[in-house]
Amino acid sequence: MAQKPKRTKSGRAWMHEHVTDPYVKKAQMDGYRSRAAYKLLEIDARDRLLKPGMTVVDLGAAPGSWCQVAARKMKGQGRMLAIDLLPVAAMPGVESLEGDFTEPAALNWLTERLQSGRVDLVLSDMAPNMSGVGLRDQARHYELCDLALDFAVQWLKPDGDFLVKVFQGVGFEVFRRSMQAAFVQVAIRKPDASRDRSAEVYLLGRRLRNADDPAVTSADEGV
Ligand code: SAM
């Protein structure tokens, strides 16, 4: 008879947190694929990012709860392109690719679909699989953030927005400065659904800078 795999202490703690987490229960009741839905819902309630008719690109989209939130807010009008290493189960209004955003094939897939059209909102909730080596994980994460920022700068409409998950610590300030160089406004968001003990926060860049915009100053920090 197959033996049940033994749970480690940290595995048991994770399971306990998962089954008692109010956002996990709420997600099940509201029909969202994961608790991450409430992070985007909370940010959107404050910043009004999602509207019908938009073109949205969702990077690191699986299992798809941000797509669900965006699709509901867009009310069937608009377009959503989603990419993840893992499959995103089909949902109306969402075209998805199971692929690696760091590979040229993913960019080609997006470029083919966007043609010359621009994007209103780029979302990146990407996080690499953690190796447990803090500095290496942090570096890999910021590589993904840099690529997502490059994509956003290249494809957003001038008044488009970019929401990206980052982890505070090494690399954070450098990346925040890159965001400030690219966007007129950069705000930090820590939704309630983001666990307190997690270094995770979201950076929201609004309105791409152009040559007429004033240079970055310290007043641009932490809007
Ligand atoms: N926002 C999602 C939702 O609401 O369902 C949750 C995203 S989850 C926190 C992070 C995702 O990033 C994982 O599904 C992971 O597979 C994806 N990811 C990590 N590296 C990636 C890469 N190089 N290309 C595409 N997706 C990636």
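The values are calculated or read from the model by the stated rules, or taken from the named source; none is laboratory data. Just so it is clear, the structure is predicted and the values come from calculations on it, not from any experiment. Cβ placement follows ideal geometry from the backbone for every residue including glycine, while neighbour counts extend to all protein chains displayed. SASA here: full protein model, heavy atoms, side chains in, ligands and nucleic acids out. Shrake-Rupley method; radii C 1.70, N 1.55, O 1.52, S 1.80 Å.
Quick rundown of the values:
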| item | result |
| --- | --- |
| Angle in degrees between helix 65-74 and the longest Cα principal axis of the chain, rounded to the nearest 10 | 50 degrees |
| Two-site FRET efficiency, Ala127 against Asn210, from Cβ-Cβ distance with R₀ of 30 Å, rounded to 0.05 | 0.45 |
| Mean Cα-pair separation over length for region 100-195, i.e. relative contact order, pairs under 8 Å, 6 or more apart, % | 30 percent |
| Theoretical ellipticity at 222 nm over the chain - DSSP helices of four or more residues, -39500 (n - 2.57) apiece, nearest 500 | -12000 deg cm²/dmol |
| Distance between modelled label sites at Ala105 and Thr8, nm, 7 Å Cα→Cβ extension | 3.1 nm |
| Cross-link pairs Lys26/Lys51; Lys51/Lys157; Lys75/Lys190; Lys39/Lys165; Lys25/Lys51 - those with Cα-Cα distance over 21 Å | Lys26/Lys51; Lys75/Lys190; Lys25/Lys51 |
| Separation of the Val170 and Asp30 label points, Cα + 7 Å toward Cβ, nm | 3.6 nm |
| With DNA, RNA and ligands ignored, accessible area of Glu98 (1.4 Å probe; Å², nearest 10) | 120 Å² |
| Pairwise label distance in nanometres, Ala45 with Ser198, each label 7 Å out on the Cα-Cβ vector | 1.7 nm |
| Angle between the chain longest axis and helix 37-47 axis [Cα atoms, degrees, rounded to 10] | 30 degrees |
| Whole-number percent relative contact order across the chain, with pairs defined as alpha carbons under 8 Å at least 6 apart | 15 percent |
| Rounded to 5, the percent of DSSP beta bridges in region 33-221 classed as antiparallel | 40 percent |
| Per-residue HN-Hα couplings for region 108-118 [Karplus 6.51, -1.76, 1.60; θ = phi - 60°; Hz; x = Gly/Pro] | 4, 4, 5, 4, 4, 6, 7, 6, 9, x, 9 |
| For region 33-221, with +1 on Lys and Arg beta carbons and -1 on Asp and Glu, the positive-most of Phe172, Leu149, Pro52 along the dipole | Pro52 |
| Heavy atoms of Leu86: accessible area, 1.4 Å probe, square angstrom to 10 | 110 Å² |
| Rounded Å value of the spacing that divides the Cα centres of region 131-149 and region 42-73 | 23 Å |
| Mean shadow area of region 33-221, taken as a quarter of the surface of its Cα convex hull (nm²) | 10.6 nm² |
| With Cα atoms, 0 to 90° folded angle of helix 134-155 axis to the chain main axis | 40 degrees |
| Ranked order, Asp159, Asp146, Asp44, Asp213 - accessible area, probe 1.4 Å, largest first | Asp159, Asp146, Asp213, Asp44 |
